[in-house]
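The values are calculated or read from the model by the stated rules, or taken from the named source; none is laboratory data. All values reported here derive from a predicted model rather than from experimental measurement. Note that we place each Cβ from the backbone using ideal geometry, even for glycine, and neighbour counts take in every protein chain shown. What goes into the accessible areas is simple: the full protein's heavy atoms, side chains included, and nothing from ligands, DNA or RNA. Shrake-Rupley method; radii C 1.70, N 1.55, O 1.52, S 1.80 Å.
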Amino acid sequence: MISPIYCADIVEEVIWDSPLNYSDFARLVKIKENEPLSIKKIRRTVKLLYASKKFEKIDVYSEKSGNGKVKITISARPQLIIKKIKIKGNYHIPDRELKLASGIGLNSLYFEDNLTKIREEIIYYYRENGYFSVLVNIATEKISPTAIKMTIDVKEGLQEKIKKFSLKGNFNKTEFKKLKFDLEAAFKGTP
């Protein structure tokens, strides 16, 4: 059971919950066993661990063990780095352009929450170049506690050109003419 942190408690045990080796970060952990628990020490520990730039997320939990003692768990999720990128199925757009369009590269930081954004950026880039039926799948694989391999599978489809627009909806004449002119100027005859 996880309970609120009380500063009158004595730290019985500090538990490191991370795939990274505790000995590499022990000097940054200011919460010590058999000492009174301090919010200041918890905040300092979290700040120092984040400052190492090795962690994406850090959480600190306490569990009362009785007699005014608590067990402190430091859950530290490592910051992942992209070490390998494999792109397949892109016959018309080079790997370098796709990496630039999606904002990824070797040794760049990887956040799991950004996977959808990366996929959308690649799709947008393809559609901008006339590949309107493009499909993109992205898979990641951990190759170490801090490194991943990213595989991007692209199915380009055919490149198409927009030749005619059909605007439907309620527009006044001025809005209709402006929208039609803008669309034709931007897309007509281009992929």
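Key figures for this structure:
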quantity	calculated
Over 18 Å (Cα to Cα) - which of 53/83; 53/117; 54/99; 41/69; 86/161; 88/155 fall in this group	53/117; 54/99; 86/161
Choice from 129, 34, 67 with maximal GNM fluctuation in the chain (Cα, 10 Å cutoff)	67
Charge dipole magnitude, Cβ of K and R +1, D and E -1 - segment 1-90, Cα centre, debye nearest 20	720
0 to 90° range, to nearest 10: angle between helix 173-187 axis and the chain longest Cα axis	80
Residues of the chain: accessible area per residue with a 1.4 Å probe, Å²	66
Charge dipole of the chain about the Cα centre (unit charges at C-beta), most positive-ward option of 55, 45, 152	152
Radius ratio Rg over Rh of segment 88-175, counting only Cα atoms, Kirkwood formula for Rh	1.13
Rotationally averaged projected area of segment 51-97 (alpha carbon convex hull; nm²)	6.0
Difference of contour (0.36 nm per residue) and Cα-Cα distance, residue 120 to residue 39	25.0 nm
Environment charge at residue 31 (Cβ cut-off 12 Å; Lys +1, Arg +1, Asp -1, Glu -1)	+2
Heavy-atom accessible area ranking, 1.4 Å probe, most first, across 151, 45	151, 45
Relative packing of 168-174, 122-128, which averages over residues the other C-beta atoms within 10 Å, highest first	122-128, 168-174
Degrees, to the nearest 10: 39-51 long Cα axis against longest axis of the chain	40
Potential extension, residue 88-residue 155 segment - 0.36 nm per residue separation minus Cα distance	23.3 nm
Two-site label geometry, residue 53 and residue 142: point separation in nm, points 7 Å out along Cα→Cβ	2.3
Surface share of carbon and sulfur [accessible, 1.4 angstrom probe, percent] for the chain	52
Label-zone membership for segment 40-57, site residue 107, 7 angstrom Cα→C-beta point, backbone N under 17 Å	53-54
For the chain, calculated [θ]222 nm from helices alone, where every DSSP H run of n ≥ 4 adds -39500 (n - 2.57)	-8000 deg cm²/dmol
The chain - Rg over Rh from alpha carbon coordinates, Kirkwood radius	1.24
